[in-house]
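Q: I am attaching a structure below and will ask some questions about it afterwards.
The values are calculated or read from the model by the stated rules, or taken from the named source; none is laboratory data. Everything numeric in this text was worked out from a predicted model, so none of it was measured. Using ideal geometry, Cβ is built from the backbone for each residue, glycine included, and neighbour counts are taken over all protein chains shown. Each accessible area value is taken on the protein alone, full model and side chains, heavy atoms only, with ligands, DNA and RNA left out. Shrake-Rupley method; radii C 1.70, N 1.55, O 1.52, S 1.80 Å.
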Amino acid sequence: MRVLGIDPGTANCGYGIVQLDGNRLRALVHGTWTTRAGDPPATRLRTIFDGVGALIAEHEPAAVAIEESFVGVDARTALSVGQARGAVLVAAASVDVPCTEYAPARVKQAVCGYGRAEKAQVQRMVQSILRLETRPTPDHASDALAVAICHALAPPLLKAVAG
């Protein structure tokens, strides 16, 4: 089973694909789409939409897993992240790939065993779980791999309820 994980954001949107073979996980690809702040919002969202579509076409994941937005103090950031999430959801839906969302604490719990783990701890655990030689960077790519791991290892009932 292949899972495309997404850490949504308009300026930096992380992605990572993991493959589960039996009980062994491996990373296929990871990275970040970066857009310029001066570009029109539609152009920035199109970059994310096209990127998700290209990854789905190339790797044919069984599912897309996306991290839910953390609503902090800045409403503008929350709106921007929500728009990026929308671009991902529509890209997946347009080719009938199911999309499941996970809370950040759930992802950290699945990967680190602790729902309030720091970014560096998440990176180290993703590196260990996927047997990578180096820590995956940037943070957004590491977080996207963590979301994909969370989905790949989630019990079937949780996957059904989370979607």
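Q: Please work out the average accessible area per residue across the chain, using the 1.4 Å probe convention, and give it in Å².
A: With the other protein chains kept in place, the chain gives 51 Å² per residue.
Q: Show me the helices of the chain, taken as full DSSP H stretches, that run 20 Å or more along their long axis by Cα and average 0.5 or above in Kyte-Doolittle hydropathy.
A: Passing helices, by number: 75-93, 139-153.
Q: What is the sum of charges, Lys and Arg at +1 and Asp and Glu at -1, for the other residues whose Cβ falls under 14 Å from the Cβ of CYS13?
A: Taking every Cβ under 14 Å from that of CYS13, the sum is -2.
Q: Let me ask something else about it. Helix-derived [θ] at 222 nm for the chain: sum -39500 (n - 2.57) over DSSP H runs of at least 4, divide by residue count, nearest 500?
A: Calculated mean residue ellipticity at 222 nm is -15500 deg cm²/dmol.
Q: Pop a pseudo-label 7 angstrom from the Cα along the beta-carbon direction at both TYR114 and HIS59 and give the gap in nm to one decimal.
A: Inter-label distance under the simple model: 2.8 nm.
Q: Can I ask one more? So if I take the alpha carbon set of the range 29-96, get Rg, then get Rh from the Kirkwood formula, what is the Rg over Rh ratio?
A: So for the range 29-96, dividing Rg by the Kirkwood Rh gives 0.98.
Q: Using a 1.4 Å probe and ignoring any ligands, DNA or RNA, find the accessible area of GLU60 and quote it in Å² to the nearest 10.
A: 140 Å²
Q: Probe radius 1.4 Å, ligands and nucleic acids ignored: give me the carbon and sulfur share of the accessible area of the chain as a rounded percent.
A: Here it works out to 54 percent.
Q: Which percent, nearest 5, of DSSP beta bridges in the range 1-132 are antiparallel?
A: 65 percent
Q: Taking the Cβ of VAL88 as the centre, find all other residues whose Cβ is under 15 Å away and add up their charges (Lys, Arg: +1; Asp, Glu: -1).
A: -4
Q: Can you pull the accessible area of THR43 for me, 1.4 Å probe, Å² to the nearest 10?
A: About 70 Å², ignoring ligands and nucleic acids.
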